[in-house]
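Engineer: Dropping the structure in here first, questions after.
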Amino acid sequence: MKGSDILKHVDHTLLSPTATWPQIEELCEEALIYHTASICIPPSYVSRVHETFGASINICTVIGFPLGADTTEAKVWAAKQAVKYGASEIDAVVNLGDVKNGDFDKITEEIAALKKAVGKHILKIIIETCYLEDEEKIALCHAVTDGGADYIKTSTGFGSAGASHADVVLMRANVGKDVKVKAAGGIRTISDMKQYLSEGCDRLGCSAAVRLLKDKTDIEV
């Protein structure tokens, strides 16, 4: 497997609250050079990136990030604004309070409302696996499927832990056939990236991928 093949699955990510425009610009330039799936950036930079780089770059941004505790109405408005300003992909955090309350019908309704808001654009739902029991993860797989999201995503990268291989295997086994899986948070080695892809991930949320892979033209699987 070539490094370039792995990078096609990477959302090249910079979500630090102190991220500066020169850092975001560098992220975009790397994404263009190495052909990553997208860049994943804070909502405040979406418009400027779109104005600067236009359709040459696929913009992903985050909604309800990182806690997920915003109201559905706030998330829907923010998602619509992000698409209006140039985002093609939305990564939205599930309401963990609703999860712990067992209110999965409400979660499904929120996901459906978000998908309606973004329309043809890609919606990924972040479930923040580090705070969940396996039965909650499985219930969220069903909610994401029934709500019509395009992806289920493991983590924000801001929780107590990030992606795990066990969680990816569990999610892949329980989401609907049309729902893809994104692993994110703590992915810092080439071997991890390869393993997540082999386990059925379609996307990887990673800030280190370009640095690790840009000089690797041929990688043995």
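Engineer: Excluding THR129 itself, calculate the net charge of residues whose Cβ lies under 11 Å from the Cβ of THR129, where each Lys or Arg counts +1 and each Asp or Glu counts -1. Spell out each step's value before the answer.
Structural biologist: Numbers: positive: LYS137, LYS153; negative: GLU128, GLU133, ASP134, GLU136, ASP167.
Residues near THR129 contribute -3 overall.
Engineer: Compute the signed sum of charges (Lys and Arg +1, Asp and Glu -1) over the other residues within less than 11 Å, Cβ to Cβ, of HIS9.
Structural biologist: Every neighbour counted, the sum reads +2.
Engineer: Sticking with this one: Full extension from THR71 to ALA113: what is 0.36 nm times the residue separation minus their Cα-Cα distance, to one decimal in nm?
Structural biologist: This chain segment gains 14.0 nm when fully extended.
Engineer: Please list, in chain and number order, the residues 5+ apart from ASP91 or on another chain whose amide H is under 5 Å from its amide H, with Hs placed from the backbone.
Structural biologist: Under 5 Å from the amide H of ASP91: THR61, VAL62, ILE63, LYS124.
Engineer: Let me ask something else. Along the stretch 60-68, what does the Karplus equation 6.51 cos²θ - 1.76 cosθ + 1.60 (θ = phi - 60°) give for ³J(HN,Hα), rounded to whole Hz, x for Gly and Pro?
Structural biologist: Using θ = phi - 60°, the values come out as 10, 9, 10, 10, x, 9, x, 8, x Hz.
Engineer: Taking a Cβ-Cβ separation under 4.7 Å as the criterion for a possible partner, which cysteines of the chain have none?
Structural biologist: Cysteines of the chain left without a disulfide-compatible partner: CYS28, CYS130, CYS141, CYS201, CYS206.
Engineer: Would you kindly find the accessible area of LYS100, with a 1.4 Å probe and non-protein molecules such as ligands, DNA and RNA excluded, rounding to the nearest 10 Å²?
Structural biologist: Roughly 110 Å² of LYS100 is accessible to a 1.4 Å probe.
Engineer: Rank these by accessible area, largest first, 1.4 Å probe: TRP77, TRP21.
Structural biologist: In descending accessible area the options line up as TRP77, TRP21.
Engineer: I've got another one for you. Which pairs in the list LYS115/LYS214; LYS8/LYS153; LYS2/LYS84 are over 26 Å apart, alpha-carbon to alpha-carbon?
Structural biologist: In this structure, LYS115/LYS214; LYS2/LYS84 lie more than 26 Å apart at Cα.
Engineer: For the stretch 1-92, just say rounded, prolate or oblate: build the C-alpha gyration tensor, square-root its eigenvalues into a ≥ b ≥ c, call rounded for a/c under 1.5, and beyond that prolate if a/b exceeds b/c, oblate if not.
Structural biologist: Taking the square roots of the gyration eigenvalues as a ≥ b ≥ c, the stretch 1-92 is prolate.
Engineer: By accessible area of protein heavy atoms, probe 1.4 Å, what ranking do LEU204, LEU170 get, highest first?
Structural biologist: LEU170, LEU204
Engineer: Ok, one more. Positive end of the dipole of the stretch 123-194, charges at C-beta (+1 Lys, Arg; -1 Asp, Glu), about the Cα centre: which of CYS141, HIS165, ILE187 has its Cα farthest in that direction?
Structural biologist: Farthest towards the positive end: ILE187.
Engineer: Quick one: putting +1 on the C-beta of Lys and Arg, -1 on the C-beta of Asp and Glu, what dipole do you get for the chain around its Cα centre, in Debye to the nearest 20?
Structural biologist: 460
Engineer: While we're here: Net charge within 9 Å of ALA117 by Cβ-Cβ distance, Lys/Arg positive one each and Asp/Glu negative one each, not counting ALA117 itself?
Structural biologist: +4
Engineer: In what order, largest first, do THR18, THR71 sit by accessible area if the probe radius is 1.4 Å?
Structural biologist: Listed by decreasing accessible area, they come as THR18, THR71.
Engineer: Give me the accessible area of SER160, 1.4 Å probe, in Å² rounded to the nearest 10.
Structural biologist: 90
Engineer: Just from its helices, what would the mean residue ellipticity at 222 nm be for the chain, if runs of 4 or more DSSP H residues each count -39500 (n - 2.57) and the sum is divided by every residue, rounded to the nearest 500 deg cm²/dmol?
Structural biologist: Calculated from helices alone, the mean residue ellipticity at 222 nm is -13000 deg cm²/dmol.
Engineer: GLY185's amide H: which non-local residues (gap 5+, or another chain) put their own amide H closer than 5 Å, with H modeled 1.01 Å from N in plane and none for Pro or chain starts?
Structural biologist: Sorted by chain and number, the residues that satisfy this are ALA163, GLY205.
Engineer: Further question on the same structure: Return the whole-Å distance between the Cα centroid of the stretch 104-178 and the Cα centroid of the stretch 1-63.
Structural biologist: That distance is 22 Å.
Engineer: Would you check the accessible area of PHE53, probe 1.4 Å, heavy atoms only, in square angstrom rounded to 10?
Structural biologist: Counting only protein heavy atoms, the figure is 40 Å².
The values are calculated or read from the model by the stated rules, or taken from the named source; none is laboratory data. Quick caveat: nothing in here was measured; it's all calculated off a predicted structure. When we count neighbours, we look across all protein chains shown, and the Cβ atoms used for this are built from the backbone with ideal geometry, even at glycine. Quick note on the areas: whole protein, heavy atoms, side chains included, nothing else; ligands and nucleic acids left out. Shrake-Rupley method; radii C 1.70, N 1.55, O 1.52, S 1.80 Å.
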